[in-house]
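The values are calculated or read from the model by the stated rules, or taken from the named source; none is laboratory data. This structure is a prediction, so every number in the text was calculated from the model and none was measured. Quick reminder, even Gly has a Cβ in these numbers, built from the backbone with ideal geometry, and neighbours come from all protein chains shown. Heads up: the accessible areas ignore ligands, DNA and RNA and are worked out on the full protein's heavy atoms, side chains in. Shrake-Rupley method; radii C 1.70, N 1.55, O 1.52, S 1.80 Å.
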Amino acid sequence: MYNTPYIFHYDIAAIVIFIVILIFHFQRKNLPLMQNRTYLGFVIVALLNSIADLLTVLLEGNPSVPAWCYWLCHISAYVFTNTLPVLYLLYSLSLANYFDIIGKKRRILFEFAVSVPYITSILLILISPITYYVFNYVLVFFVDDAIYYHRGGWAYAILFFFTFYYILISLLILWKYRKIIKVKKYFLLLSYVVLIVIAVVIQLIFPYYLMQSFGISLAAIMFSSLIQTPDEYIDRTTQLFNESALIKMTQNDFASKKKFLVLNIFLDDIVFITNAFGINQMNSLLREVSDFLREQFPQACHYYIPQGKFCIVFKSYNPRDIEKYVFYLRARFHETWVYDTLELKLYSRICVIECPKDAKNSEDIRDMIDLISDDSRYKRQIIYARDMSTEYKKRTAYIAHLLRNAIAEKRFDVYYQPIYSTKEDRLIGAEALIRMKDEEGNFISPEEFIPISEKTGDILRIGQFVFDNVCKTLSSVDLKAYGIKKIDINLSVAQCMQEILADQILTIRTIHNVPASVINLEITETAAAHTPEILLRNMNNLAKEGIELSLDDYGSGYSNMNYLLNLPFKMVKLDKEIVWTAFSDKRANIALASTIQMIKKLGMSVLAEGVETKAQAVWLTKLGCDYLQGFLFAKGLPKDEFLTIMKIDCERFASQQEEEDLEEL
């Protein structure tokens, strides 16, 4: 090694860091998204840049090194250095979903604005040796006869200008789309610029300290550990991609304007198997199915949606292959599945969706999956989306039409499902449930009209209608006489995304003069995941006014402990599926008991949904549940019926208290 005055240990450290990052990156299961491809390119280019930078200082002044070799090292270092700002810009844009937002014309203009300066800078670098040897003119840099590097020339300043040009565009894009990018990711992206500036300043003050690559490596570590988190797109049970990944990937597929095929597999008996054999056995069978799908269709992307729904997406396909794929699936599911001593036959249905012929966007795919899963009209072995798309669209359009005028035409009504207190042994309130009727007076399931209302934007009016209606009811009765202590009201994801949510709720409550302590707002994990910052502000404002907040449907998915620890919830509602499973499975029972105790130790009360038998009520009471809700006590009731039941139960409770007082005397 030739003696060099440069302190190159930081370059060596950067090289090691980049190699470790690449190892971890390839060990992870990453979605084939622009974000991940750009990040991978960024790390590889940064690694090559560090290697080239290290070679330039190690070889400098060494007479045994050919001049062309030293030129090549510097050219490589310059090319890689000037490529990094472009990749950083593209990475920032991918996190902001920029290319999904802008139109075709703006995209062409943007590509021109990015590519022209980059191509110009690369050409200036590549022709530097020619201008030096042929014209004796220094363009960017040159290598003298003693194998020493010298920078200079007007083009060198141009390269610096282009670098700041890309960084400036990146900062402007980040600022413009800061509401789309999560706060943590936003500041991490900004930290890259800060680290580079610090590294460059240090290198200017101490020119022999090679800090630039090390600064980039520190930023890459933060990106890898805090932004590049593929686990959020992985289903923990099957290790397939999850529903979020399906939506994100199919959005990209639709944007590419290419044809692709979605095969959906529905396991109809998953609830029965779970209740009969337990969660662990069911999870083992789901893993067996996922392994089969990966082996049988290695060229496809595989996804799992809770409650026994698998999706296989083929990026390219021949229509003639569809029947072959369906045949393979039917043949396998006709056979039994064996795990340890368990041998079962899984009853399945298959749905074929050709995109974009049958579905125009990701939401269409998701709506079809939900419809087929829940609608009894599609309980057949093979469903082709082309056969149902017209009917589905007509039904969707009809419900959307009903929603537009539902409030004015009084199609909506609020029903109340009573809530029982285990400590007081009486009904103490209810959950408010929205109901809608069609033009013939028939009820339409909330599972059908709520998703459509979320797409049309009517969900906000529905949410406001429910809250206003509940407050009117509460203000019109003597709460003590009816024994009403709390009314639970659901908040939709769209409501939770509103900055003015707390103000709206507090204003309506004040108008009707309803005690804040009676109102309990239910928030799902989905809402908490969508808008954590906005939701936290709203929740804190509501909690300050004395309104109770509950985490709804806990246990319906992979519940995030952060929601319990970081959000001001006072109650947790256990999803009925986990209650039913735990009632019939010993290990699930142990898990539920531990969950209840944990929640109570955190200072929150527990409500169990789906209570249908006296035995379940006794069991849940022993486990420590504070409140119970389900058909054992009552289904959802119209306001007058609910008030009647509450009045009767309140009088029963008062009479019982009098008898107990007399006995004590």
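Observations
- Put a plus charge on the Cβ of each Lys and Arg, a minus charge on the Cβ of each Asp and Glu, and nothing anywhere else: the dipole of the chain about its Cα centre is then about 1940 debye.
- Dividing the helix sum by the residues of the chain, where each DSSP H run of 4 or more adds -39500 (n - 2.57), gives a mean residue ellipticity at 222 nm of -19000 deg cm²/dmol.
- Antiparallel bridges, percent of DSSP beta bridges restricted to the chain (to nearest 5): 60
- Between helix 586-601 and the chain: long-axis angle, C-alpha atoms, 0 to 90°, nearest 10: 80
- The ellipsoid equivalent to the alpha-carbon distribution of region 107-266 has semi-axes of 41, 22, 16 angstrom, derived from the gyration tensor eigenvalues as √(5λ) and listed largest first.
- Think of a 1.4 Å ball rolled over the protein heavy atoms: the chain then has 49 Å² of accessible area per residue.
- Formal net charge of residues neighbouring E111 (Cβ-Cβ distance under 13 Å; K, R +1; D, E -1): +4
- Hull-based mean projected area of region 30-161, where the convex hull spans the alpha carbons, in square nanometres: 9.5
- Here the contact order of region 255-405, divided by its residue count and restricted to Cα pairs under 8 Å and six or more residues apart, works out to 29 percent.
- For region 402-479, radius of gyration divided by Kirkwood radius, i.e. Rg to Rh on alpha-carbons: 1.05
- Size descriptors for the chain: radius of gyration and Dmax over Cα atoms are 31.4, 115 Å.
- Accessible surface of F277 - all protein chains present, 1.4 Å probe, nearest 10 Å²: 80
- Among the lysines of region 433-499, pairs that are 8 or more positions apart or on different chains and have alpha carbons within less than 29 Å of each other number 7.
- Exposure rank, largest accessible area first [D387, D413; 1.4 Å]: D387, D413
- Compared with the dominant Cα axis of the chain, that is its longest principal axis, helix 532-544 is turned about 40°.
- Pairs from K601/K635; K410/K647; K259/K324; K185/K248 whose Cα-Cα separation, in the structure shown, is over 20 Å: K601/K635; K410/K647
- With a 1.4 Å probe rolled over the protein heavy atoms of all chains, the accessible area of K600, K485 falls in the order K485, K600, largest first.
- Counting only protein heavy atoms and a probe of 1.4 Å, the accessible surface of the chain is 59% carbon and sulfur.
- Neighbours of I216, meaning other residues whose beta-carbon lies under 12 angstrom from its beta-carbon, give a summed charge of -2 when Lys and Arg score +1 and Asp and Glu score -1.
- Across the protein chains, with a 1.4 Å probe defining accessible surface, the residues F160, F241 rank F160, F241 from largest area downward.
- At the residue level, R537 shows approximately 120 square angstrom of accessible surface with a 1.4 angstrom probe and all protein chains present.
- Relative contact order, whole percent, for the chain stands at 9, derived from Cα pairs under 8 Å and 6 or more residues apart.
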